[in-house]
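Student: Handing you a structure now.
The values are calculated or read from the model by the stated rules, or taken from the named source; none is laboratory data. The structure displayed is predicted, hence computed values, not measured ones. No Cβ is skipped: glycine too gets one built from the backbone with ideal geometry, and neighbour counts run over all protein chains shown.
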Amino acid sequence: MKGTDRPKGKGLIRSLNRKGTSFDKSPPVARRGGVFKDPSICERCGAFYERKRWHRAGPMTTDKLSGAAWVICPACAEAKSGIAYGKVLVSGDFAREHLDQIRRRIANVDSRARASQPERRILSADWDGKTFEILTTSQKLAHRIARELEKVFGGRAKYRWSDEDGSLFATWKREAR
């Protein structure tokens, strides 16, 4: 067979037929945000948009500040609207007894994510006495939080992705010994 007559491999065919597949590899929060002028600075959180990417604003020069447009970044807009694409429920006797340690670990995961990807952040973290609910702007951050809790404290994490909007519902549970 000639090179052009070869059938496509199953992997390539499946990847092209998969629901939700796109050629745009940017995160969902960036796709929803629209097109921004290069460079732009978020007036709420100070994130800097340059070369199609939001990042933490480092040392600002007068050249950057003078030519930059002041906008609201997609993550701040999403936080204001209250739309969450990730949800983590933490439950069990262990969570009740070690809530402060769990909060600190979640804060560490959040700060690491914000350092490299400011569009990923925690919207809310509420304790109702039985469960600790964390809402995030991205499914990846919710996955990281649940995975980190499982890795550090043991227990069991379960994940369920939504087909409609791509959001993630994760649960982590550990009972006290």
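Student: Restricting to the stretch 113-166, give me the number of residues that are more than 22 Å from A47 (Cβ to Cβ), aliphatic (A, V, I, L, M) and surrounded by fewer than 21 Cβ atoms within 10 Å (Cβ to Cβ).
Tutor: Number of matching residues: 2.
Student: Right, another one. Inspect the stretch 88-104 for any residue being on the phi > 0 side of the Ramachandran plot, in contact with a Lys or Arg (Cβ under 8 Å, 6 or more places away or on another chain) and in contact (Cβ under 8 Å) with a residue 60 or more places away in the chain and give the result as yes or no. Please lay out each step first, then the result.
Tutor: Residues of the stretch 88-104 that are on the phi > 0 side of the Ramachandran plot, as a first pass: 92.
Checking the rest, the ones that are also in contact with a Lys or Arg (Cβ under 8 Å, 6 or more places away or on another chain) come to 92.
Those still in the list that are in contact (Cβ under 8 Å) with a residue 60 or more places away in the chain too: 92.
Within the stretch 88-104 (the criterion being on the phi > 0 side of the Ramachandran plot, in contact with a Lys or Arg (Cβ under 8 Å, 6 or more places away or on another chain) and in contact (Cβ under 8 Å) with a residue 60 or more places away in the chain), the answer is yes, since at least one residue qualifies.
Student: I'm trying to understand the selection: among the residues of the stretch 57-93, which are in contact with a Gly (Cβ under 8 Å, 6 or more places away or on another chain) and either of a type in the set (V, I, T) or surrounded by fewer than 21 Cβ atoms within 10 Å (Cβ to Cβ) (or both)?
Tutor: If the condition is that a residue be in contact with a Gly (Cβ under 8 Å, 6 or more places away or on another chain) and either of a type in the set (V, I, T) or surrounded by fewer than 21 Cβ atoms within 10 Å (Cβ to Cβ) (or both), then A57, A77, G92 are the ones that fit.
Student: While we're looking at this one, here's another question. Would you check if A113 is free of Cβ contacts under 8 Å to residues at least 40 places away in the same chain and closer than 29 Å to R56 by Cβ? Quick ask: steps written out before the conclusion?
Tutor: Details: free of Cβ contacts under 8 Å to residues at least 40 places away in the same chain: yes; closer than 29 Å to R56 by Cβ: yes.
So A113 passes the test.
Student: Ok, one more. For the stretch 121-150, name all the residues that are hydrophobic (A, V, I, L, M, F, W, C) and either in contact (Cβ under 8 Å) with a residue 60 or more places away in the chain or part of a helix (DSSP H, G or I) (or both).
Tutor: L141, A142, I145, A146, L149
Residue-by-condition table, conditions (1) among the polar types (S, T, N, Q); (2) more than 30 Å from G58 (Cα to Cα); (3) not assigned by TED's automatic domain parsing to the domain that holds R56:
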position: R96; (1), (2), (3): no, yes, yes
position: L99; (1), (2), (3): no, yes, yes
position: P118; (1), (2), (3): no, no, yes
position: D126; (1), (2), (3): no, yes, yes
position: T136; (1), (2), (3): yes, no, yes
position: S162; (1), (2), (3): yes, yes, yes
position: D165; (1), (2), (3): no, yes, yes
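Student: Right, here's the next one. Would you kindly identify the helices (runs of 4 or more DSSP H) lying entirely within the stretch 33-120 that contain at least 2 residues that are touching a Ser or Thr at 6+ places or on another chain (Cβ under 8 Å)?
Tutor: Because the criterion is at least 2 residues that are touching a Ser or Thr at 6+ places or on another chain (Cβ under 8 Å), the helices (runs of 4 or more DSSP H) in the stretch 33-120 that meet it are 74-81.
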